[in-house]
Amino acid sequence: EHLLDVQEAALRFVETQLDARDQVMMVAFNESARILWPTRDRSRIEKAILSIRPRGATSLHDFLALALLQIPSAGYRRAVVVFSDGLDTTSLFSSAEVSEVARRSGVPIYVLALRPTIGGYVSKGGRAAVLEPTPFEIVRREQRRLKALARSTGGKVFDLDSLEKLSSMW
């Protein structure tokens, strides 16, 4: 529901924060990844940003591992910037495994964390209410993992309650 705002902020970032020497590799992901290989061509980058469409499940940890492994190892400023609610529904990699890949690569991860809206949740009664985490608890747990990952790489986390501050954070 916030895709257009995110795309606009990403486009503004490319226009204002990158110089002619900077290369961008963009990875759009759901249960699979689509990669725009490192390029300086701003029109290709902008086209890739505007082509993103939300659909399917989310393999956030797999995307992070892939991105970290694909970034050139020398000669460039290197960073991963991820915009996510932190929820991972289909990854094969765990957050601990991604943390190890990040540690070895030496690439900082910057997270723009948007709190997802969780509507329509009705608490289960009885034993399930005690043993099963609520959607709110799952979101908090996953966001804590993503934040710990970012901090462990020397990156930063920016919490977004709304998208009003997104452009300045990019």
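Assorted remarks:
- Of the solvent-accessible surface of segment 30-111, computed with a 1.4 Å probe over protein heavy atoms with every protein chain present, carbon and sulfur atoms account for 54 percent.
- Accessible surface, segment 31-119, averaged per residue in Å² (probe 1.4 Å): 57 Å²
- Listed residue (M26, G75, V98) projecting farthest to the positive dipole end of segment 1-101, Cβ model: G75
- Cα gyration tensor category, rounded, prolate or oblate, for segment 36-88 with a/c compared to 1.5: oblate
- Cα gyration tensor shape for segment 1-52, rounded if a/c is under 1.5, else prolate or oblate: oblate
- Computed from label points 7 Å out along Cα-Cβ, the spacing between R42 and V27 is 2.6 nm.
- Shape category assigned to segment 1-100 from the gyration tensor of Cα positions, a/c cut at 1.5: oblate
The values are calculated or read from the model by the stated rules, or taken from the named source; none is laboratory data. Values in this document were obtained by computation on a predicted structure and should not be read as measured data. We place every Cβ from the backbone using ideal geometry, glycine too, and count neighbours over all the protein chains shown. The accessibility values were calculated without ligands, DNA or RNA, using every heavy atom of the protein model including side chains. Shrake-Rupley method; radii C 1.70, N 1.55, O 1.52, S 1.80 Å.
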